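A short write-up of the structure that comes next.
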Number of protein chains: 2
Amino acid sequence: MPVLVMKFGGTSVANLDRIKRAAKRIGVEVAKGYDVIVIVSAMSGKTNELVGWVNETSPLFDAREYDAVVSSGENVTAGLMALTLQEMNVPARSWQGWQVPVMTTSAHSQARIEDIPPANIMAKFDEGMKVAVVAGFQGISPEGRITTLGRGGSDTTAVAFAAAFGAERCDIYTDVDGVYTTDPRICEKARKLDKIAFEEMLELASLGAKVLQTRSVELAMRYKVKLRVLSSFEEQSDEAGTLVCDEEEIMESNVVSGVAYSRDEAKMTLVSVADRPGIASIIFGKLSDAGVNVDMIVQNISDEGRTDMTFSLPTDQVGRAEKAMNEIKGQELNYEELVTDLDVCKVSVVGIGMRSQSGVAAKMFKVLSDEGINIKVITTSEIKISVLVDRKYMELAVQALHDAFELEKAA
Amino acid sequence: MPVLVMKFGGTSVANLDRIKRAAKRIGVEVAKGYDVIVIVSAMSGKTNELVGWVNETSPLFDAREYDAVVSSGENVTAGLMALTLQEMNVPARSWQGWQVPVMTTSAHSQARIEDIPPANIMAKFDEGMKVAVVAGFQGISPEGRITTLGRGGSDTTAVAFAAAFGAERCDIYTDVDGVYTTDPRICEKARKLDKIAFEEMLELASLGAKVLQTRSVELAMRYKVKLRVLSSFEEQSDEAGTLVCDEEEIMESNVVSGVAYSRDEAKMTLVSVADRPGIASIIFGKLSDAGVNVDMIVQNISDEGRTDMTFSLPTDQVGRAEKAMNEIKGQELNYEELVTDLDVCKVSVVGIGMRSQSGVAAKMFKVLSDEGINIKVITTSEIKISVLVDRKYMELAVQALHDAFELEKAA
């Protein structure tokens, strides 16, 4: 039998009625002849409750105990889903991570899946079981302790199962009906994409689109898992949602596929740093040691042996970054001033079409300039251009770019 | 190091503050030099919530999935308790049933513990861990599925660990401060017992005293586990609570140790049954097949080849019993009438002193007679006398018997 993986997130299994609705969807796929592996999250709110208890009990918690506590929400949903399917006369059973087993590293609370031997579940499929309901987000370490994969880890669980079982497709059921050209809440012309390439999805995910966990997209790309994002709140056909796939499968596409944004950006500038070899290594080495995730970097043209160094980072890491820079101010880094700007945001355009078509950056800059939006920092990759602008221009920038690249029209 | 087992019930770990209070008690025992095994229940209310979800999802649930869902509450408490102890600098870790492993039968939702190999936990004690926090009520079947032991099963988990680890004692922390001569809520002279024999505790537990699960007392008796019941809500000395122990350890005791009662009793009478050999076997075989737990049985003296057969049973099994009796009325059982009396209760006196002292039954009957209480059914065992009386007399009967046997006075 061909295997299909279906993943249901927290809002899709938030209560018994929604679990029943999800079970009906599963029943439809079973009727088509699939052996189905269902990955479930905890009922929405449950994981936050458990995390809250752990944090209140022990602010610097032992991550092994954190994992033992926090993984329990998924176990509840898995059992309830199996029971719901049984009530519909669909042969099903639940599996906790250690029962499969989902073998992970020992990096508790952010473990990585190392292997998923399919033998145990396949044996049950051979005996007539139609659905294996697996608790997402969790696994077992080489030491036999329970691990978790980090927030949103159930997406990664789903893709890893699809890879391990050679699944025909991995359907991610969520509370949106697919991947959009941009966030429909800030741009009403946003259009749902029928298909998007792995590379594009990866950029969008890491740029702040919250549809899929970045790691799950990486994994899908590496193992060529066909990934589909669709809504659990609507009747769905085989063509519903957005298919995340190899770019070869996308016949026609716009040069730009989507516009992403991120509010949680800050900009820091070290004013008048000595411009000598190794200075960047000192600055960014120190920031890295302090656990700061630097994103964009700009170095001004040198003026009389001194330069300005500007970089962007997540707003919640500003305190850490300031502390780290102050520590080396006196010693190695003889900068004049440290200027922090919290009123910035990042706006990006993404598209595999950029590889073959030039002029995208120039067009982007002109659109922003025409709207009177000043660009503070720029970074580019092969399929992405990101700019840092004042936060007050965020909606305007997204809408203007969406219009200019005509994203409301399909290719 | 000597091993101590401490068990905390649902109300003793109902929230983070209570978990902290329990952890302090554990710290006291660790400071005395014990290696401690802590058995925890789910936070109070959690198991009921999970059971509710299962029942709503699937009234005739697959018990394997029931167990997978319902066991999760204990896992949460175990992790939180381990974290709380770590915060107090007590080396601790949590263990789920399958990690120990607590090996049980496959009788899901009412599994029996078959073996608890101590090697894994002992190895951690040897490495310096002071407290193993074990999720109570759960285990793993030979098939690798999660099992549960039935409601109140954490008491049994605690006693089984005490037996497997040769623990010096098994302390059951609960919301009462010990075992009383009777229920203090209906008899203000009720006195806490310092010691009680296993056999007496077993009778009291099965007669409705809710302090300990019956099976845990059986197990303690078989393996000679010293069992102590005490309150988690008071400061406790080494002599606090009630010690359940071998009768040899009790130097002095009253003839009667306690008075128990049960409200949930019903009486049924089959009027004018043919009095021939095998008739009792037909009646009680049929009731047993229907899952009715018959308690007391009385057969009247035969009159012209016919007799009345009276028995007591839990009130919630009356429907089942009536159905079963109706089914065989026409065929084998030619009784005239089936009379059900729901307004009865059972009152019992228990004491190992009865073995050596006669006249307890006579005294009991006289006390009740003096109060004008009519006895409907009587059963006796070596250390117990139970009577069925009208429910309206329950409090009066308990108080009168407590007075007559002078239970307010220590031996």
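A short reminder: the numbers here are calculations on the coordinates, not readings from a lab. Every value quoted in this text rests on a predicted model; they were computed, and no experiment measured them. Reconstructed Cβ throughout: ideal geometry from the backbone, glycine too, with neighbour counts over all protein chains shown.
Hey, could you grab the Kirkwood Rh for the stretch B:226-338? Inverse mean 1/r over distinct alpha carbon pairs, Å, one decimal.
It works out to 17.6 Å.
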Output the antiparallel fraction of DSSP beta bridges having both residues in the stretch B:82-149, as a percent to the nearest 5.
-> 50 percent
Expressed as a whole number of Å, what is the distance separating the alpha-carbon centroids of the stretch B:11-52 and the stretch A:299-323?
-> 50 Å
One checks the Cα atoms of chain A and finds Rg and Dmax, in Å, of 23.5, 79
Within the stretch B:333-359, the residues whose backbone N lies under 14 Å from a label point placed 7 Å from the Cα of B:Glu304 along the Cα-to-Cβ direction are B:336
Would you work out the charge dipole size for the protein assembly as shown about its Cα centre, treating the Cβ of every Lys and Arg as +1 and the Cβ of every Asp and Glu as -1, and quote it to the nearest 20 debye?
-> 220 debye
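With N set to the number of residues, divide the alpha-carbon radius of gyration of the stretch B:259-404 by 2.2 N^0.38 Å and report two decimals.
Its radius of gyration relative to the 2.2 N^0.38 Å reference: 1.12.
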Per-residue HN-Hα couplings for the stretch A:365-378, Karplus 6.51 cos²θ - 1.76 cosθ + 1.60 at θ = phi - 60°, whole Hz, x for Gly and Pro?
-> 5, 5, 4, 5, 4, 4, 8, x, 9, 7, 8, 9, 8, 10
Farthest positive-ward along the protein assembly as shown dipole, Cα basis, beta-carbon charges - from B:Gly139, A:Gln357, B:Ser272 = B:Gly139
Rounded to the nearest 5, the percent of antiparallel DSSP beta bridges in the protein assembly as shown equals 60 percent
DSSP-loop trypsin sites (Lys or Arg not before Pro) across the stretch B:126-197, with at most 14 other Cβ within 10 angstrom | B:Arg151, B:Arg185, B:Lys189
How big is the stretch B:1-157 on each of its three principal axes, counting only the C-alpha atoms and giving the largest first in Å?
-> 48, 33, 19
Could you name the lysines whose alpha carbon sits less than 28 Å from that of A:Lys376, not counting residues in the same chain fewer than 8 places away?
-> A:Lys189, A:Lys210, A:Lys267, A:Lys286, A:Lys323, A:Lys329, A:Lys346, A:Lys363, A:Lys366, A:Lys384, A:Lys392
Estimated inter-spin distance, B:Asn334 and A:Thr105, nm [label 7 Å along Cα→Cβ] | 8.3 nm
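Counting alpha carbon pairs within less than 8 Å and at least 6 residues apart, what relative contact order, in whole percent, applies to the stretch B:259-404? Intermediate values should be presented prior to the final figure.
Working: 255 pairs, mean separation 44.7, N = 146.
This gives 31 percent for the stretch B:259-404.
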Once the convex hull of the C-alpha atoms of the stretch A:203-274 is built, how many Å³ does it hold per residue, rounded to a whole number?
-> 181 Å³
Could you work out the mean projected area of the convex hull around the alpha carbons of the protein assembly as shown, in square nanometres to one decimal?
-> 44.4 nm²
Once the label point is placed 7 Å from Cα along Cβ, list for A:Asp17 the distances to the corresponding points in the other copies, in nm, shortest first.
-> 3.5
Built amide H within the under 5 Å cut-off of A:Val134, gap 5+ | A:Val38, A:Ile39, A:Val40, A:Trp95
Per-residue [θ]222 nm for chain A (sum of -39500 (n - 2.57) over DSSP H runs n ≥ 4, rounded to 500) = -10000 deg cm²/dmol
Percent antiparallel among DSSP beta bridges with both residues in chain A, to the nearest 5?
-> 60 percent
Using all C-alpha to C-alpha distances in the stretch A:127-228, build P(r) with 10 Å bins and read off the rounded percent in each one.
-> 14, 42, 30, 11, 2, 0
